[in-house]
Amino acid sequence: MDRLSGLVAAIVVAMAIAVTVVLVGDGTPASRIEEDLEWTLRLREAEAALATGRPQLTLIQLRAAYRAALRTGRWDAMVEVGDVARRAAQGAPAPAPTVPTASRAYLAALALARDQRSLDGVLRVGQGFAALGDREMVEYCIGLAGGFADRAGAEGVVRVQAFADRYREVRGPGLESLRE
């Protein structure tokens with residue numbers, strides 16, 4: 001009976017592992033899926049509040065999305081929060097309370113991209129700062145991306161140079177044309 005009990009226990013454990021893998025799908029930990037769900041849900045709520053002209057609710061949801069996105073440790077999540085905060089600022093009277101949220105989100109994204117040595121991340125953050133009109137941060141991103149590009153090879157160098165050229169060509173407020 002002890003051997004049979006051991007076999008049954010092993011089968012139950014194997015089935016539990018299989019069910020966990022199937023439920024999660026690609027092997028992504030359930031907590032990561034929940035984190036992604038939280039920040040994207042908060043961001044959608046912020047966008048809905050923005051679309052319906054409710055600036056206070058937009059700001060509340062942006063701050064919640066910021067905190068949730070920061071917990072993911074992903075630069076792309078922080079950039080998305082920054083982008084929505086920046087768009088919210090465009091329609092608001094000056095000074096827009098969402099500009100600091102956008103700037104903080106881009107700064108957090110830059111720190112994450114730098115730590116992850118992500119050329120894509122640094123260039124994308126540079127686009128965000130350009131759209132905010134923050135010339136100093138765009139130049140910083142170009143310099144940082146240049147260091148990463150050297151390690152990425154010729155294609156990386158070309159991408160950074162193209163970004164820098166576009167930025168310097170359109171330098172001024174409303175630098176939306178820097179999107180790749």
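Taken together, the values in this text are just the output of simple stated rules run on the coordinates, not laboratory data. Values in this document were obtained by computation on a predicted structure and should not be read as measured data. Counting neighbours? That spans all protein chains shown, and the Cβs are built from the backbone with ideal geometry, glycine included.
Worth pointing out:
- The Cα atoms of the stretch 30-114 cover 38, 25, 13 Å along the three principal axes, with the biggest extent listed first.
- Label point 7 Å beyond Cα of Ala51 along Cβ direction - residues of the stretch 78-104 with amide nitrogen under 19 Å: 80-92
- Each eigenvalue of the Cα gyration tensor of the stretch 96-173, multiplied by 5 and square-rooted, gives one semi-axis; in descending order these are 21, 15, 7 Å.
- Pairwise label distance in nanometres, Leu37 with Asp76, each label 7 Å out on the Cα-Cβ vector: 2.0 nm
- Cα-based Rg of the stretch 46-180 normalised by 2.2 N^0.38 Å, two decimals: 1.05
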